[in-house]
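Here the structure is laid out as structure tokens; the discussion comes afterwards.
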Amino acid sequence: MTPPPAMSVADTMRPPPEPPDSQINKDLLGIMYHRISPGYLLLLGAAMLSVVAAGATWVYQIYIGLGIGGYTHPIFWGAYIITFVFWVGIAHAGTLISAILYLFRAKWRNAINRGAEAMTVFAVLTAAQFLGIHVGRMWKSYFILPYPNQRGLWTNFKSPLEWDTFAISTYATIAIVFLFIGLIPDFAVARDRAKGIRKLAYTALALGWQGTSRQWKSHTRSVLHLSGLATPLVLSVHSVISWDFAMSLVPGWHATIFAPYFVAGAIFSGFSMVLTFFIPLRRIYGLEKYITEYHFDNMARFILLTGWIVTYGYASEYFVAWYSAVEPEQTSFWLRAFGPYWISTWVMLFCNCIAPQIFWFRWARVTPWILFVVATLVNIGMWFERYVIIITGLSREYESAVWGIYTPTFAELTIFAGSFGFFSMLFLLAIKVLPIIAITEVKELAIHEKAHGGAH
Amino acid sequence: MPSIRGVYDFPGPVAEAATKLKDRGFNDLEIYAPSAFPELDDVIDDKPSGVRRWTLIGGLLGVVCGYSMTIWMSFDWPTMIGGKPFASIPPYTVIGFELTILFGGIATLLGLLVVGGLPYGKFGEVDNAYSPRFSAEEIGLVVSCSERDVAEVDALLRATAAKEVDLVEA
């Protein structure tokens with residue numbers, strides 16, 4: 001009889017095998033390590049190409065001057081300011097999901113908050129560029145900052161444009177801080193499983209995180225306090241942007257409803273942009289287990305709610321224009337709907353007021369392609385909303401002798417398209433280097449659910 | 001001094017074990033958790049986190065800076081704008097508010113680093129008791145005790161549903 005093979009000395013000395021890793025880690029880190037497909041490269045290439053085209057156009061604009069835009073007297077705020085306001089609006093969903101829903105203990109946010117926070121940062125970075133593009137001589141943009149100078153002059157703190165500078169820079173900083181704090185524990189998850197250069201990078205970014213009780217306690221308190229700070233901030237930023245318009249006397253702009261109506265519009269468009277990017281992401285990386293119908297349902301409800309607030313804002317503007325009996329106001333609003341820019345107004349009304357009504361039905365709120373189509377329509381509608389407010393307001397002021405017509409030029413549209421390219425490029429790169437779904441937060445729910453026998 | 005590590009699946013039993021250990025006088029405890037669990041928040045240290053002081057001081061500093069900067073600059077080169085006072089408090093409230101949030105937020109990040117002890121240790125080094133298991137889905141409870149208490153701690157950890165108990169180098 002043959003004796004059984006003797007266990008080698010090396011086998012007895014080998015440490016026991018590592019316990020199996022968490023499926024959540026595998027799935028969510030898997031997005032970063034997923035094979036780079038031709039489709040991904042094609043999208044990234046297209047995004048980069050549009051950024052290069054926009055960059056080249058910008059350089060040309062700096063060389064030639066703002067005359068290559070469609071500016072015409074009296075319209076000196078055009079596509080760049082429209083696009084700036086549009087991207088600041090997009091930036092609102094991230095902080096709303098991260099901060100406000102955190103304070104309300106809405107745990108469903110856990111699967112989408114990281115991606116939305118990242119989109120906030122990217123949207124603010126995209127928006128900020130438009131201030132430089134809009135002012136033309138962008139190398140003098142620093143004039144807006146209160147810095148000590150030889151002339152002894154300071155900036156005008158009574159101007160809404162100065163408030164805007166403080167609001168946007170604060171928002172960008174807080175958004176980055178929020179994103180980074182949330183990422184620290186997830187960087188540690190990535191560090192423990194990465195190799196090579198990625199390991200070095202994640203080790204540096206994780207700051208030695210080990211999930212000790214002291215670290216978690218400080219972390220949860222930081223997130224809580226940041227949420228407390230970011231909640232009024234998110235409401236203030238678009239309010240301040242709206243005051244850029246509302247503080248002036250331009251017909252159609254000088255309205256007290258602007259702040260809440262802008263904030264609602266920002267959340268409306270922000271949620272739509274989150275859906276526009278998350279629906280394909282979920283499909284491509286098989287994240288149906290993490291981003292569920294429940295998330296879609298809730299986001300669609302937010303879109304429906306904020307869509308109605310925006311609709312109320314539009315109705316209120318028309319009512320106040322009529323009720324005020326101020327002729328330039330009435331004319332301005334009449335021309336919005338039936339004047340030279342009627343198409344933009346009706347596109348805005350269709351996309352923002354009518355299209356989201358399909359979300360009264362649950363089947364529409366949980367069907368990805370319907371959500372994707374409506375979210376895209378809302379994005380289009382929200383860009384047109386800013387177009388309608390800015391252009392019709394400026395083009396039809398008090399004196400009919402100085403009325404003008406503005407049409408965006410090819411240069412402005414190229415830079416506008418480049419902004420989408422820039423935003424998409426950052427998002428596409430981010431999903432390959434950052435855990436785009438908050439691993440530790442998803443795990444908290446999963447472990448509690450398991451502890452309660454799946455009934456949490 | 002030996003350290004004994006218990007590995008758990010759920011936070012509830014960890015909280016129970018840690019409380020029992022503290023009741024018996026074992027105060028040198030550490031927990032490694034893959035996520036933030038409310039059950040474990042105050043188990044090791046029930047004092048409120050010091051991060052709140054950082055946020056408060058940052059916020060107060062911000063509001064003071066916001067108002068003082070705008071008011072001082074308005075009087076440094078007085079310019080009448082729109083018939084408003086040189087230093088006009090309502091519009092300066094926007095700046096005061098934004099700087100409150102900005103300074104408060106940055107101070108909160110600093111508070112997290114200081115109070116949470118980050119960056120922790122030397123680059124790339126982790127505690128001996130730490131394992132990548134604790135960034136998966138398991139929770140580790142580590143107790144430092146004298147040699148004669150090892151059996152008691154071991155028994156207590158096993159009695160509170162620890163699925164593994166082992167000795168680790170301190």
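Give me the orientation-averaged projected area of the Cα convex hull of segment A:145-278, in nm², one decimal. Quarter of the Cα hull surface area: 13.1 nm².
Compared with the dominant principal axis of the Cα atoms in chain A, helix A:113-135 is inclined by about 40°. The mean sequence separation of alpha-carbon pairs under 8 Å and at least six residues apart, normalised by the residue count of segment B:51-115, gives a relative contact order of 59 percent.
Modelled this way, with points 7 Å down the Cα-to-C-beta line, the labels at A:Thr256 and A:Arg151 are 3.7 nm from one another. Listed by chain and number, the aspartates and glutamates whose alpha-carbon sits under 19 Å from that of A:Lys195, ignoring those within fewer than 8 places in the same chain, are A:Glu18, A:Asp21, A:Asp27, A:Asp186, B:Glu125. To the nearest ten degrees, helix A:327-338 and the longest principal axis of the Cα atoms of chain A are 60 degrees apart. P(r) tail for the protein assembly as shown: Cα pairs beyond 34 Å make up 50% of the total.
Using 24 Å as the Cα-Cα cut-off, could you pick out the over-long pairs in B:Lys20/B:Lys47; B:Lys20/B:Lys122; A:Lys199/B:Lys122; A:Lys107/B:Lys47; B:Lys22/B:Lys163?
Pairs exceeding the cut-off: B:Lys20/B:Lys122; A:Lys107/B:Lys47.
Where in segment A:103-176 are there trypsin sites (Lys or Arg not before Pro) that are in a DSSP coil and have at most 15 other Cβ atoms within 10 angstrom of their Cβ?
A:Arg105, A:Arg137, A:Arg151
Counts of other chain beta carbons within 10 angstrom of each beta carbon in peptide A:163-171 average 5. Once backbone amide H atoms are built at 1.01 Å from N, B:Glu164 has B:Val7 as its partners under 5 Å, excluding neighbours fewer than 5 places away on the same chain. What is the distance in Å between the Cα centres of segment A:151-182 and segment A:369-441? Their Cα centres are 22 Å away from one another.
Every helix of 4 or more DSSP H residues in chain A counts as -39500 (n - 2.57), and over all residues that averages to -22500 deg cm²/dmol at 222 nm.
For the segment B:68-79, counting C-beta atoms of other chains within 10 Å of every residue's C-beta and taking the mean gives 3.
Counting Cβ atoms of other protein chains within 10 Å of each residue's Cβ and taking the mean over peptide A:238-247 gives 1. Rounded to two decimals, the Cα radius of gyration of segment A:275-368 over 2.2 N^0.38 Å is 1.46. I need the Kirkwood Rh of segment B:51-115: take the reciprocal of the average 1/r across all distinct C-alpha pairs and report it in angstrom. Radius from the Kirkwood sum: 12.5 Å. The distance linking segment A:201-275 with segment B:1-65 is 29 Å (Cα centroid to Cα centroid, whole angstrom). For segment B:1-106, chymotrypsin sites (Phe, Trp or Tyr not before Pro) are listed when DSSP marks them as loop and at most 16 other Cβ atoms sit within 10 Å of their Cβ; the list is B:Phe86.
Stokes-Einstein diffusion of chain B at 25 °C, 0.890 mPa s viscosity, Kirkwood radius from Cα pairs, rounded to a whole number: 125 µm²/s.
Computed from Cα atoms, the angle from the helix A:23-33 axis to the main principal axis of chain A rounds to 60 degrees. Here the Karplus relation 6.51 cos²θ - 1.76 cosθ + 1.60, evaluated at θ = phi - 60°, turns the backbone of segment A:253-260 into coupling constants of 10, 7, 9, 6, 7, 3, 5, x Hz, with x for every Gly and Pro.
With the simple model of a label 7 Å out from the Cα in the direction of the Cβ, B:Thr93 to A:Thr407 spans 4.6 nm. Taking a sphere under 15 Å around the Cβ of B:Gly59 and counting the other residues whose Cβ falls inside, with K and R at +1 and D and E at -1, yields a net charge of +2. Placing +1 on each Lys and Arg Cβ and -1 on each Asp and Glu Cβ, with no other charges, gives chain A a dipole about its Cα centre of roughly 1280 debye.
Only the coordinates and a few stated rules stand behind these numbers; no lab work does. Fair warning: this is a prediction, and the values are worked out from it, not measured in the lab. Positions of Cβ are generated from backbone atoms using ideal geometry, with glycine treated the same way; all protein chains shown enter the neighbour counts.
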